[in-house]
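Participant: Okay, here's the structure, questions in a sec.
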Amino acid sequence: MLRLIIALGLLCGLTGAKSFAEENDLVGHGGPVKGIAVTEDVILTSSFDNSVGVWSLPDRNPIWLEGHSAAVNAAKILSDGRFASVGDDMQLRIWNSDGTELNVLSGHKGKIISLAVKENLVATAGWDGVVGVWNSETGEQIMWIDSHEGQVNDVSFSTDGSRLFSASNDGTIREWDRKTGEELRVLARHGFGINVLSMAHNGSWLLYGALDGGTRAIDLESGEVLADLSADRRPILALSVSNDDALVAVGDGEGYIMVIDTQDWTVRYDFRAAANGPIWALAFDESGDGIYAGGISDVAHYFPLDAVDRPLMASNQRSFLRDPSEMSNGERQFMRKCSICHELRGSAGRKAGPTLNGLFGRLAGSVSGYHYSDALKKSEITWDETTIDGLFDKGPEHYIPGTKMPMQRIVNARDRHDLVNYLRTYTGDPSE
């Protein structure tokens, strides 16, 4: 089989045809892919571009779930075929299977970074330090758990749905009675923040990944550590378990994916999937023969396990990932601070922010078809050298309180000056 895949890869290289892996890539988002969920019939991808892609199999023609006003961090398929998604806008959204929005559920006071589903229940992990449990059919908020001492990064139901597990920046995994919200035990005290959880489908163990690179499998009956899978990479940002529980995949902030055989907890594959940036999302395909991975690229890349040496995710990278030494300082500032959300010219496509075409002299919040925050629409700001400089000097959250623009500053005045000149040159200036 491996020889066949290699031969096909060589043939594709000679003919310019796409490889099997590239044919299975999911292309269409306008920002980094932050979450992936796979079933037999559909794949969901969540993105920084504020949307969810619903890719029906086998044709892979997406429909787009539009409604979030900020990055979508995760989405899951509910048992009845509907979808649930959560994002930086602090909302849980429920969608019908045809992509129409059914319900918007609010209550968190910080971004919702993850969710878990069990039958008609949805659990949400909030950076406000709270776990929410919701009825996806009625929209009722069933439970509110706020016992962690730091932001909650992930949640997982037990296989039978009777218990709920939460991971936090306080370095603990806590187990809760799903019906009463009673804390049953602290399953793990890691010391560093725990970022991600992944439950074995047979319900016997739980895998976690932490800020310091710690990666461990815990027996859920005894609470003992079954295996310490930590490698010299950090942080751990993504986990996945194959449907038969035979394999687990670990993705980190350095762009590596490690695949482990759970029979003896040994590493079967260990490969670099991204030349730049982290692995934010992982999901085995239904067969367990390959992995979908998301990161800084706009694409959810597919890696067949028999040919993990396929081109890196960075082969489809945007130009802002090229060598910064080749750029002017103004371009570097734009690529690092702005390009992930904005296009300089033309339509913004699926980007999270509006196009910057004709920026100078334009009233803030005035690009037709883009859903601005009320704060920006009411700001009465006109974009010019002074206002753009002020935006990055103070930071969007202070310059325009209530904006959904990412929190960032450019402290150095020369860097701001060079960015303004770059934008004036490449976005067009109506006054010229």
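The values are calculated or read from the model by the stated rules, or taken from the named source; none is laboratory data. Predicted, not measured: the structure shown is a model, and the values here were computed from it. Cβ sites come from the backbone with ideal geometry, for glycine too, and all protein chains shown count toward neighbours. Areas reflect the complete protein model, heavy atoms only, side chains present, ligands, DNA and RNA absent. Shrake-Rupley method; radii C 1.70, N 1.55, O 1.52, S 1.80 Å.
Participant: Given the criteria of a type outside the set (Asp, Glu), over 19 Å from Ile36 (Cα atoms) and open to solvent by 10 Å² or more (accessible area, probe 1.4 Å), does Ala275 qualify? Explain how you work it out, then say what you get.
Facilitator: Values: of a type outside the set (Asp, Glu): yes; over 19 Å from Ile36 (Cα atoms): yes; open to solvent by 10 Å² or more (accessible area, probe 1.4 Å): yes.
Criteria met by Ala275.
Participant: Is it the case, given these coordinates, that Ala413 is small (Gly, Ala, Ser), under 29 Å from the mean Cα position of the chain (by Cα) and surrounded by fewer than 18 Cβ atoms within 10 Å (Cβ to Cβ)? I'd like the intermediate steps shown before the answer.
Facilitator: On the way: small (Gly, Ala, Ser): yes; under 29 Å from the mean Cα position of the chain (by Cα): no; surrounded by fewer than 18 Cβ atoms within 10 Å (Cβ to Cβ): yes.
No, not satisfied.
Participant: Looking at Ser198, Ser242, which is the one that is of a type in the set (Gly, Ala, Ser), assigned by the TED database to the domain that holds Ile112 and open to solvent by 10 Å² or more (accessible area, probe 1.4 Å)?
Facilitator: Numbers: Ser242 fails: open to solvent by 10 Å² or more (accessible area, probe 1.4 Å).
Ser198 is the lone residue from the list that is of a type in the set (Gly, Ala, Ser), assigned by the TED database to the domain that holds Ile112 and open to solvent by 10 Å² or more (accessible area, probe 1.4 Å).
Participant: With the condition being open to solvent by less than 20 Å² (accessible area, probe 1.4 Å), I'd like the strands (runs of 3 or more DSSP E) fully within region 105-151 carrying at least 3 qualifying residues.
Facilitator: Answer list for region 105-151: 112-118, 121-126, 131-135.
Participant: Quick one: count up the residues across region 51-69 that are closer than 13 Å to Arg350 by Cα and among the acidic types (Asp, Glu).
Facilitator: Total meeting the criteria: 1.
Participant: Could you check region 291-328 and list, in sequence order, the residues that are over 23 Å from the mean Cα position of the chain (by Cα) and either part of a strand (DSSP E or B) or at pLDDT 90 or above (or both)?
Facilitator: Here is the first cut: in region 291-328, the residues over 23 Å from the mean Cα position of the chain (by Cα) are 306-307, 309, 323-328.
Scanning region 291-328 gives a single hit, Ser328.
Participant: Report, by residue number, each residue of region 224-234 that is open to solvent by 20 Å² or more (accessible area, probe 1.4 Å), in contact with a strand residue (DSSP E or B) (Cβ under 6 Å, 6 or more places away or on another chain) and not in a strand (DSSP E or B).
Facilitator: Ser230, Arg233
Participant: Still on this structure: Being crowded, with 17+ Cβ neighbours inside 10 Å and over 21 Å from the mean Cα position of the chain (by Cα) is true for just one of Thr172, Thr180, Thr215. Which residue is that?
Facilitator: Thr172
Participant: Considering region 173-214 alone, what residues qualify as being aromatic (Phe, Trp, Tyr) and outside any loop (DSSP other than H, G, I, E, B)?
Facilitator: Across region 173-214, the qualifying residues are Trp176, Trp205, Tyr208.
Participant: Restricting attention to region 268-290, which residues are hydrophobic (A, V, I, L, M, F, W, C) and modelled with pLDDT under 95?
Facilitator: Phe271, Ala273, Ala274, Ala275
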